[in-house]
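The values are calculated or read from the model by the stated rules, or taken from the named source; none is laboratory data. Since the model is a prediction, treat every value here as computed from it, not as a measurement. Positions of Cβ are backbone-derived with ideal geometry, glycine not excepted, and every protein chain shown enters the neighbour counts. Just the protein is used for accessible areas: all its heavy atoms, side chains included, with ligands, DNA and RNA removed. Shrake-Rupley method; radii C 1.70, N 1.55, O 1.52, S 1.80 Å.
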Amino acid sequence: MKPISLKALVGAGALALALGQPAMAQNTIKIGSVLSVTGPASFLGEPEEKTLKMYVDKVNAEGGVNGKKLELIVYDDGGDANKARTFATRLVEDDKVVAMVGGSITGTSMAMIPVFEEAKIPFISLGGAIEIVEPVRKFVYKTPHTDRMACLKIFEDMRARKITKIGIISSTDGFGKSMREQCLKAAKEGGVEFIADETHGPGDADMTPQLTRIKNTPGIQALIHTGFGRHGAVVTRNVRQVGLTIPFYQNHGVASKSYIELSGEAANGVRLPAAALLVAEKLPDNDPQKPVVLAYKQHYEKTTGQPVSTFGGHAYDGFFILVEAMKRAKSTDPVKINEEIEKTKGFIGTGGIVNMSPTDHLGLDLSAFKMLEIKNGDWKLVQAGS
Amino acid sequence: MRSFSSSRLATLLILAAAIAALPLIFPSGYYFRVAALVWISALAAIGLNVLMGQAGQVSLGHAGFFGIGAYAVAIGPTHLGIPPWASLLLGAVLAGGLAYLVGRPVLRLRGHYLAIATLGLGVLVSIVLTNESRWTGGPDGMPVPRLILFGWRVSGAETWYWVTGGALLVGTWIALNLTDTPTGRALRALHDSEVAARVAGVDVARYKLAAFVIAAVYASLAGSLLALMNGFITPDQAGFLHSVEFVTMVVVGGLGSVAGAIVGAVVLVTLPQLLTAFQDYQHLMLGLLIMLFMIFLREGIVPSLRALWRLRAAGAAA
């Protein structure tokens, strides 16, 4: 008699696991997600993952959807589009999910689109760029605002302040570059004209030369910065250092408390478009978004112990658009769920009020953005025309 | 000599048998995709192994050549109207040409100059791919048109499994044969001792250059295959981390062994997929496993196991 080898034991264990799984899967609805939880985009993926897990637990505790519990399967792509694509295939063919909420950035989302389109499974992306939903693909949606909307919101505010000749300084990273292009394209529609156009590298520690050139541009009335992260604060400080006194607009990519802290005094008077989530407490009581964003903010901060970010909010919106569509569809058939997602009307999320249609798979309009001004280290809602 | 060539034939036969038999145990298309990724990475690793294992030079910018191949099949059909298969060949020529231009002056020097030069080259390629967004789509990448051969639209994980498997088989066969040619012998000679090789009349610089160009062409072809299979490509594929991944494949699998390069690719592509069960500790586990491999199988997986096997066989005979 030979003793059972370790190898055989492990093999038997694996087999048992493999056989045990399908039996359990019968009573759950599988939702997939591929997020950039680690890597350069982890500041997006991490709050997104936490949000999804948090609310899957909450929905399950309240009895699930259509009497079935939800099962969330999350894979981390580390920001790598190739890995994202592999995990997407795995979700579809191996895990057999009925829908997908995820794709933290544009690159990974674009790489995964063909997988879900071919499998006819709804895919709600959390990536920023407009190319995810334009042209409209039958099974692909997204929840975050687009760069173009941020530009138009800024232009709207400029029109109210009678500003027409403006300058832009943009970071050369993906986000900064893409928003610069969208702003330049939307200039005509927004009724403004760009007369200065400067760039800076994502790692630069000093932008005063570019800003001095902008300051010396005759007739300039306002300045926009595009790009996210630490250098948003560097630009803000430099703007004050070179003595620029024209209105200065930041973008939604810097919309965090740490931006205000890093910029210090220099942040006073800076305006930026952002989701209502940032000013949850300050929204007027008749704002329909107020209860939603307040509830999300409190739940997130209580569960994770960290300050809320708009990025986790995108995941919240995607998840509940899906949950409500599943409730309406009364089915776990991906195609039927997809039909209901497309019919989403008046959904109140953290990013705005969503009205999907066969020609619009984003469903947000400019009212989704609030114009904020920084005053004494905090956000303040700007009333139109002030 | 005969044992050499028979072991080489064995490598090829085992590989062919593995490619043919694996689909029998694959439960879903996802496995075909992971296997196809393994074959593609293995192709690039085999090429790099010619340079590292045989010629004894390190390339830290190999993903640059991979990226050139990948973007060739993306940019060629999209912007220039060149059919995908021709773009694939064009990419290989471009990568080989670039390797020749860079390698020619650098490989005349001894030491780590090639490593530094390739490091710079890889970074340059990835910067160009990121910044020339009109051509490459910038950091968000660009879609790649489907490969159409004689009216046959090549798509689906299973199809690509066979296409990449076939490519790997051909690539392996060429690399194995190379070992037995005068070039292969010259390469091994200069790996063991550059001075001795030079004294024996080997044109050291020329053979190093040949190895570098071969490695670049392999990487470019692998890059093209990946881009065509995915239908989408981002500049990460040409990034420094991907270069390091290729070097790790060759080292973990076993320097100088063609089978080792393939095994290295198997380990580095499949481990992250297996380790998803560990969630937050996934990267920790990956690093730990690679460290353990390097501590206990110092020569690399394949050469270490082969030595162990021989030791056992000798023990049994005695």
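With a 1.4 Å probe on protein heavy atoms only, tell me which residues of the stretch A:156-204 lose at least 20 Å² of accessible surface in the complex relative to the chain by itself.
Checking the loss per residue gives A:Gly174, A:Lys177.
Using a probe radius of 1.4 Å on heavy atoms only, what accessible surface per residue do you get for the protein assembly as shown? Whole Å² is fine.
44 Å²
Could you tell me how many degrees, from 0 to 90 and to the nearest 10, lie between the Cα long axis of helix A:81-93 and the main elongation axis, the longest principal axis, of the Cα atoms of chain A?
40 degrees
Pairs A:Lys185/A:Lys345; A:Lys297/A:Lys375; A:Lys142/A:Lys297; A:Lys185/A:Lys257; A:Lys188/A:Lys282; A:Lys185/A:Lys282: which exceed 27 Å Cα-Cα?
Distance filter (> 27 Å) returns A:Lys185/A:Lys345; A:Lys185/A:Lys257; A:Lys188/A:Lys282; A:Lys185/A:Lys282.
If I build a Gaussian network model for chain A, linking alpha-carbon pairs within less than 10 angstrom, which residue out of A:Gly107, A:Gly264, A:Gly203 has the largest mean-square fluctuation?
A:Gly203
Give the aspartates and glutamates reachable from A:Lys336 as a straight Cα distance under 15 Å; neighbours fewer than 8 places away on the same chain don't count.
A:Glu117, A:Glu324
With a length cut of 18 Å (Cα positions projected on each helix's long axis) and a Kyte-Doolittle mean of at least -0.5, go through chain B and give me the DSSP H helices that pass.
Within chain B the helices that satisfy the rule are B:2-25, B:29-49, B:62-75, B:84-106, B:113-131, B:157-180, B:204-230, B:240-253, B:258-274, B:282-296, B:301-317.
Just flag the chymotrypsin sites (Phe, Trp or Tyr not before Pro) in the stretch B:14-49 sitting in loop per DSSP whose Cβ has no more than 11 other Cβ atoms within 10 Å.
none
With a 1.4 Å probe and every protein chain kept in, tell me what percent of the accessible surface of the stretch A:270-386 is carbon plus sulfur.
53 percent
Grab the Cα-Cα distance for B:Ala10 and B:Leu292, subtract it from 0.36 nm times how many residues apart they are, and report the gain in nm with one decimal.
Length gained between B:Ala10 and B:Leu292: 98.7 nm.
Please identify, among B:Phe212, B:Phe65, B:Phe150, the residue showing maximal mean-square fluctuation in a Gaussian network model of chain B using a 10 angstrom Cα cutoff.
B:Phe150
For a quick check, take a GNM of chain A with Cα springs below 10 Å and name the residue from A:Gly174, A:Gly243, A:Gly64 with the largest mean-square fluctuation.
Highest fluctuation among the options: A:Gly243.
Rounded, prolate or oblate, given the Cα gyration tensor of chain A, with a/c below 1.5 counting as rounded?
Here chain A falls in the prolate category.
Roll a 1.4 angstrom probe over the protein heavy atoms and tell me the percent of accessible area of the stretch A:46-166 that is carbon or sulfur.
The computed percentage sits at 50.
On a 0 to 90 degree scale, rounded to 10, what angle separates helix A:6-25 from the longest Cα axis of chain A?
Around 70 degrees separate the two axes.
Determine the shape class of the stretch B:82-144: with a ≥ b ≥ c the square roots of the Cα gyration tensor eigenvalues, call it rounded for a/c under 1.5, and otherwise prolate if a/b is greater than b/c, oblate otherwise.
Oblate, because a/c is 1.5 or more while a/b does not exceed b/c.
List the residues of the stretch B:112-155 whose accessible area drops by at least 40 Å² when all protein chains are present, compared with their chain alone, using a 1.4 Å probe and counting only protein heavy atoms.
B:Pro139, B:Asp140
Which of the listed residues, B:Ala92, B:Val202, B:Ser126, is farthest toward the dipole's positive end in the stretch B:2-240, when Lys, Arg count +1 and Asp, Glu count -1 at the beta-carbon?
Farthest towards the positive pole: B:Val202.
For the stretch B:277-311 and the stretch B:108-139, what is the separation of their Cα centres, given in Å?
Using only Cα atoms, the two centres lie 30 Å from each other.
Just to confirm a number: summing +1 for Lys and Arg and -1 for Asp and Glu over residues other than A:Ala266 whose beta-carbon lies under 9 angstrom from that of A:Ala266, what do you get?
With Lys, Arg at +1 and Asp, Glu at -1, the neighbours total +1.
May I ask you to rank B:Arg8, A:Arg159 by accessible area, largest first, using a 1.4 Å probe over the protein chains only?
If we order B:Arg8, A:Arg159 from most to least accessible, we get A:Arg159, B:Arg8.
Based on DSSP H runs of at least 4 residues, each adding -39500 (n - 2.57), what is the mean residue ellipticity at 222 nm of chain B after dividing by all its residues, to the nearest 500 deg cm²/dmol?
Mean residue ellipticity at 222 nm (helix-derived): -25000 deg cm²/dmol.
Could you tell me the total accessible area buried at the A-B interface, probe 1.4 Å, in square angstrom to the nearest hundred?
2100 Å²
Work through the residues other than A:Gly45 whose Cβ is under 11 Å from its Cβ and net out their charges, Lys, Arg +1 and Asp, Glu -1.
-4
For the stretch B:66-143, which whole-number percentage of the solvent-accessible area (1.4 Å probe, protein heavy atoms only) is attributable to carbon and sulfur atoms?
The value for the stretch B:66-143 is 71 percent carbon and sulfur by accessible area.
Under 1.5 on a/c is rounded, so check that first for chain B, then, if it is not, pick prolate when a/b is larger than b/c and oblate when it is not; a ≥ b ≥ c are the square roots of the alpha carbon gyration tensor eigenvalues.
oblate
Just to confirm a number: summing +1 for Lys and Arg and -1 for Asp and Glu over residues other than A:Met179 whose beta-carbon lies under 9 angstrom from that of A:Met179, what do you get?
Every neighbour counted, the sum reads +1.
Would you mind working out the magnitude of the charge dipole of chain A relative to its Cα centre, with +1 at each Lys and Arg C-beta and -1 at each Asp and Glu C-beta, to the nearest 20 Debye?
280 debye
Return one number: the angle in degrees, 0 to 90 and rounded to the nearest 10, between the long axis of the Cα atoms of helix A:231-241 and the longest principal axis of the Cα atoms of chain A.
Value to nearest ten degrees: 10.
Suppose we compare each residue of the stretch B:29-48 in its chain alone and in the full protein complex with a 1.4 Å probe; which ones drop by at least 10 Å² of accessible area?
Hits at the 10 Å² cut-off: B:Gly29, B:Tyr30, B:Tyr31, B:Arg33, B:Leu37.
Hey, any idea what the orientation-averaged projected area of the convex hull of the protein assembly as shown's Cα atoms comes to, in nm²?
So the Cα hull casts an average projection of 36.3 nm².
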